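Report on the following structure.
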Amino acid sequence: MAMAANPFDWSGGHPALDFVNTLDERPLPQPVEYLGGYPELVRFAELAGLITSGQARRLRKHRGPGLEQIAGNARKLREDLFAVLTAANRRTKLPARPLRSLTAAIARAHAARVLADTNGPGITGYDWALPVAAEVPLHACALVIAELLTGEDRKRIRKCGAADCAVYFIDRSKGHRRHWCSMANCGNREKQRRWRTTAE
């Protein structure tokens, strides 16, 4: 069965938040899962710019029962980040278990990196890189989560103001007054809802 070319929500403004938003319609009884398996995880990492198209092509050739475990670990990683974001948004104590789990995943991702030769014509240098192993999409997501939670963007994380939406995004608006994940969707829907409430 062919995958949708780009089924993901990119309103997060940061790959780690786009990763969290791969589970859509969270407040509803049946949320929509966009990371159903390993191929979807690879596709997300590719479209998010966490791996190259060449890496994605090689990863799609991997076979074996362990791939679905990697996808399951990615979904767990996503939900751990969601728990941390939710606690921060509600200004409640950050949960210890998700923080420990995130720390462990990030540590494994750092441990998987190797020094890669970046030499080119007239260039001498090295940089950290992830070898193209089956776990690369998972590790790439963990590393970008670390970057989000320790970087300046963490101060601009917002949750969509719609009651039935749990999408998180980086507020880069002038004056930092963005309320909605999407004005075309949640923003207009909330305005219509308020208008109907006022008119009644």
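Laboratory data are not the source of any read-out in this text; all were calculated from the coordinates shown. The shown structure was predicted, so the numbers you read here are calculated from the model rather than taken from an experiment. No Cβ is skipped: glycine too gets one built from the backbone with ideal geometry, and neighbour counts run over all protein chains shown.
Considering the chain at the alpha-carbon level, its Rg and Dmax are found to be 18.7, 72 Å. Summarising the amide proton neighbourhood of Ala116: residues at separation of 5 or more, or on other chains, whose placed amide H is nearer than 5 Å comprise Asp127, Trp128, Ala129.
Set the Förster radius R0 to 25 Å, insert the Cβ-Cβ distance between Arg97 and Ala133 as r into 1/(1 + (r/R0)^6), and round the FRET efficiency to 0.05. That gives a FRET efficiency of 0.40.
Around the amide H of Gly161, modelled in the peptide plane, lie the amide H atoms of Trp180, Cys181, all under 5 Å away and 5 or more residues distant in sequence or on another chain. Per-residue 3J(HN,Hα) values for the stretch 128-136, derived from phi via the Karplus relation 6.51 cos²θ - 1.76 cosθ + 1.60 with θ = phi - 60°, read 6, 8, 9, x, 7, 10, 4, 7, 3 Hz in sequence order (x marks Gly and Pro). Checking Cβ-Cβ separations below 4.7 Å across the chain identifies Cys141, Cys186 as cysteines lacking any candidate disulfide partner.
Note on the chain: lysine pairs with Cα distance below 26 Å, sequence gap of 8 or more or different chains, count 10. Between the stretch 1-41 and the stretch 162-181, what is the C-alpha centre distance in whole Å? After rounding, the separation between the Cα centres reads 18 Å. Across the stretch 18-24, rounded Karplus estimates of 3J(HN,Hα) from the backbone phi angles (6.51 cos²θ - 1.76 cosθ + 1.60, θ = phi - 60°) give 4, 5, 4, 7, 6, 9, 9 Hz, Gly and Pro being marked x. Hey, with R₀ at 30 Å, roughly what FRET efficiency would Glu25 and Glu147 work out to, going by the Cβ-Cβ distance, to 0.05? Once the sixth-power term is evaluated, E becomes 0.65.
Express in nm, to one decimal, how much length is gained between Tyr126 and Ala5 on full extension, taking 0.36 nm for each residue of separation and deducting their alpha carbon distance. Spell out each step's value before the answer.
On the way: separation 121, 0.36 × 121 = 43.56 nm, distance 3.40 nm.
Extending this stretch completely gives an extra 40.2 nm.
Tell me, His139, His176, His110 in order of fewest to most beta-carbon neighbours within 10 Å? Walk me through the numbers before you get to the answer.
On the way: His139 25, His176 10, His110 14.
Fewest-to-most Cβ neighbours within 10 Å comes out as His176, His110, His139.
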